[in-house]
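Take a look at the structure below.
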Amino acid sequence: MKKSNLPVAIIGGGPVGLAAAAHLSKNNQSFIIFEAAKTVGANILTWGHVKVFSPWEYNIDKIAESLLVKNGIKIPIKKEVPFGKQLVNEYLKPLSEITEIKQNLHLKTKVLSIGRKGLDKMKNANRENLPFSIQVNENGNFNIYEAKAIIDASGTWQNPNPVGSGGVFAIGEKENSNHFFYGMPDVNGKLIDKYANKSVLVVGGGHSAIGTVLALSEVQEKYPKTQIHWLLRKKNVSDVYGGQEADGFKSRGELGIRIEKLVNSGNIEIHTPVFIHQFDKFKDSLTVKGITNNQEFVLENIDEVISNTGTRPDFSFLREIRFDADASVESVPELAELIDPNIHSCGTVRPHGEAVLRQREKDFYIVGMKSYGRAPTFLMATGYEQIRSIVAYMNGDFEAAKDVRLELPETGVCNSGIGGGGDSCCGGNGCDVPATNEDEDTSCDTACGTEEKVKETQSSCCSTTLITDNSSCC
Ligand SMILES: Cc1cc2nc3c(=O)[nH]c(=O)nc-3n(C[C@H](O)[C@H](O)[C@H](O)COP(=O)(O)OP(=O)(O)OC[C@H]3O[C@@H](n4cnc5c(N)ncnc54)[C@H](O)[C@@H]3O)c2cc1C
């Protein structure tokens, strides 16, 4: 088949991958979408019991919405804030069942590798004119598909960072994996028996950690012998309280208010700043070892560890693709300095689209959560704008592709010291995703704190009119 007649291949059936399907469908571009799990929104379903902080109006892509409306599907009330499972059941699943999308959706299909047909990464000859060749494991069968372009929206949630503070597994972490949960377990629901009356350690300083600690406190109310230990690399736990009343996303602000109350209640034990390097098994429990303020840290009798230390992209299936990722953030290169917690951009992530996301491998794009690499600050609305611009470009509408815009509410966090940095104005914690290890070490002063940066970011997180993408946590 002629390359131009081939479909665009989308990797991942999360909100951004499905938005891509909706936009391509609307523009009469043929596409094929691969989702590794048996359902769309699979990563979100792992935290389906968690309420997100952005209301529906920021969670539904505009073109997807028009498709839903056209097909007589009810749109959720815009001002309400859904749980993760509602995002999937009331938005992503209905969208995926619309005929135009359903007929091109391959569930239980994991992409194993992508390359140019018959050409390895080193070869130039006629490269751009060759189709992409995609190897998949489709329900146990190995198949090859061809595509004219690739949109990689495979997320990062399925690749959690290890607990070890150096970004590698701590000694004893893998060996005792039955004591570890990476992500946000349903501690007060399906998994209550695992956590009730146990000594539980939560590691991390982002909103996922906060959500987990708060949920554990509800378990503790019912089962008073439950002990909650919260370990952070930040200097002060108060650094995670965030914008609270000033946060434009009310749900996110409330998390900060509730966690401050809980910390002040004395019902949980806070360990900060701690850098973990080892877990030893003793009888049925774990001893945690690390460093705190240049001294040895030891915490005994931990039954369960819940890790909320961030996630990272999986590049393994892109081995034969010529793509670039930032050396530290692992994001699309041009986004890095805007979302790198070391720089503390305070929300200066400009609305961006095709031009920023363009890779040296022609017609190949990394989008969505994965485009942010290890930065924990991605919002769905950001991804929808990425997709709108890329599909406009594919459609030959270069003006529309260039005209990127995104309107998100202010969150007020910069003024109140939210932050991944432990002392940062924004850090990684303005979002409802776990902080990265890196983000816990960085300082506010490097960004919002300096005059130069303040000037640069006035129109975003640190001040008023937010036309930039404040998904970068602020
Ligand atoms: C706890 C939590 C709360 C959040 N709250 C908000 C919020 O309030 N508002 C907001 O805007 N954002 C929020 N986010 C951030 C973000 O918007 C979501 O994580 C969103 O799901 C990212 O969408 P995505 O499509 O990029 O990736 P994902 O939703 O992660 O989807 C990726 C999909 O790709 C599939 N996949 C992976 N690898 C392969 C492969 N090799 N082959 C085929 N398929 C593959 C996965 O199974 C998955 O279904 C939150 C995130 C978390 C973790």
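All of the numbers you see were taken from the coordinates with simple rules; none came from a lab. Note that the structure is a prediction, hence the values are computed from the model and not measured. Glycine gets a Cβ as well: all are built from the backbone with ideal geometry, and neighbour counts include every protein chain shown.
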Which cross-chain or sequence-distant (5 or more) residues have an amide H under 5 Å from the amide H of F31, H modelled 1.01 Å from N in plane? V8
With x for Gly and Pro, the residue-by-residue ³J(HN,Hα) of the stretch 31-39, computed from phi through the Karplus equation 6.51 cos²θ - 1.76 cosθ + 1.60 at θ = phi - 60° and given in whole Hz, is 8, 9, 10, 10, 10, 5, 8, 7, 9
Using only Cα atoms, find the angle between the long axis of helix 207-222 and the longest principal axis of the chain, and express it within 0 to 90 degrees, rounded to the nearest 10. 50 degrees
Would you kindly state how much longer the chain becomes between R127 and K38 on full extension, computed as 0.36 nm times their sequence separation minus their alpha carbon distance, in nm to one decimal? 28.7 nm
Test of understanding: what is the full-extension gain from K194 to E57, defined as 0.36 nm times their sequence separation minus their Cα-Cα distance? 45.7 nm
Quick one: if you stick a label point 7 Å off each Cα along the C-beta vector at S4 and E221, how many nm between them? 6.4 nm
For the Cα atoms of the chain, what angle does the longest principal axis make with the long axis of helix 15-26, in degrees from 0 to 90, nearest 10? 20 degrees
Residue farthest toward the positive end of the dipole of the stretch 304-372, with Cβ of Lys/Arg at +1 and Asp/Glu at -1: which of L338, I306, Y365? Y365
Each residue of the stretch 127-135 in order: what ³J(HN,Hα) in whole Hz does its phi give by Karplus 6.51 cos²θ - 1.76 cosθ + 1.60, θ = phi - 60°, with x for Gly and Pro? 3, 5, 8, 8, x, 7, 10, 10, 8
Viscosity 1.002 mPa s, temperature 20 °C: give me the Stokes-Einstein translational D for the chain in µm²/s, with Rh taken as the Kirkwood radius over C-alpha pairs. 94 µm²/s
From the helices alone, meaning DSSP H stretches of at least four residues, give me the mean residue ellipticity at 222 nm for the chain, per-run term -39500 (n - 2.57), in deg cm²/dmol to the nearest 500. -6500 deg cm²/dmol
Between R116 and residues 5 or more places away or on another chain, which pairs have amide H atoms under 5 Å apart, with H built 1.01 Å from N, and which residues are they? S133
May I ask you to sort V200, V69, V263, V50 by Cβ crowding, counting other Cβ atoms within 10 Å and putting the fewest first? V69, V263, V50, V200
Where Lys and Arg each count +1 and Asp and Glu each count -1, what net charge lies around E90 among other residues with Cβ under 15 Å from its Cβ? +1
With x for Gly and Pro, the residue-by-residue ³J(HN,Hα) of the stretch 272-282, computed from phi through the Karplus equation 6.51 cos²θ - 1.76 cosθ + 1.60 at θ = phi - 60° and given in whole Hz, is 7, x, 10, 10, 7, 10, 7, 10, 10, 8, 9
Please list, or write none, the lysines whose alpha carbon is within less than 22 Å of the alpha carbon of K362, excluding same-chain residues fewer than 8 places away. K2, K3, K117, K121, K123, K148, K370, K402
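Could you size up the charge dipole of the stretch 177-307 around its Cα centre, putting +1 on the beta carbon of Lys and Arg and -1 on that of Asp and Glu, and report it in debye to the nearest 20?
Approximately 100 debye in magnitude.
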Neighbour-count ranking [beta-carbon atoms within 10 angstrom, fewest first] of R388, R312: R312, R388
Given N residues in the stretch 194-243, what is Rg(Cα) / (2.2 N^0.38 Å)? 1.16
Rounded to the nearest 20 Debye, what is the dipole magnitude of the chain about its Cα centre when Lys and Arg each give +1 and Asp and Glu each give -1 at the C-beta? 1540 debye
Computed over the chain: relative contact order in percent, which uses C-alpha pairs under 8 Å that are six or more apart: 17 percent
For a quick check of your reading of the filter: which trypsin sites (Lys or Arg not before Pro) in the stretch 1-38 sit in a DSSP loop and have no more than 11 other Cβ atoms within 10 Å? K2, K38
Which order results if I11, I144, I134, I306 are arranged by neighbouring Cβ count within 10 Å, fewest first? I144, I134, I306, I11
Using the structure shown, list the pairs from K261/K283; K108/K174; K51/K102 with a Cα-Cα distance above 29 Å, or answer none. K261/K283
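Across every pair of different alpha-carbon atoms, what Kirkwood hydrodynamic radius in Å does the stretch 156-289 reach?
For the stretch 156-289, inverting the mean 1/r across all distinct Cα pairs yields 15.6 Å.
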Amide H neighbours of W230 under 5 Å, counting only residues 5+ apart in sequence or on other chains, H built in-plane at 1.01 Å? V202, E269, I270, H271
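So, counting K/R as plus one and D/E as minus one, what does the shell of residues with Cβ under 15 Å around K2 add up to? Show your work: numbers first, answer last.
Numbers: positive: K3, K117, K148; negative: E128, E146, D363.
Here the count lands on 0.
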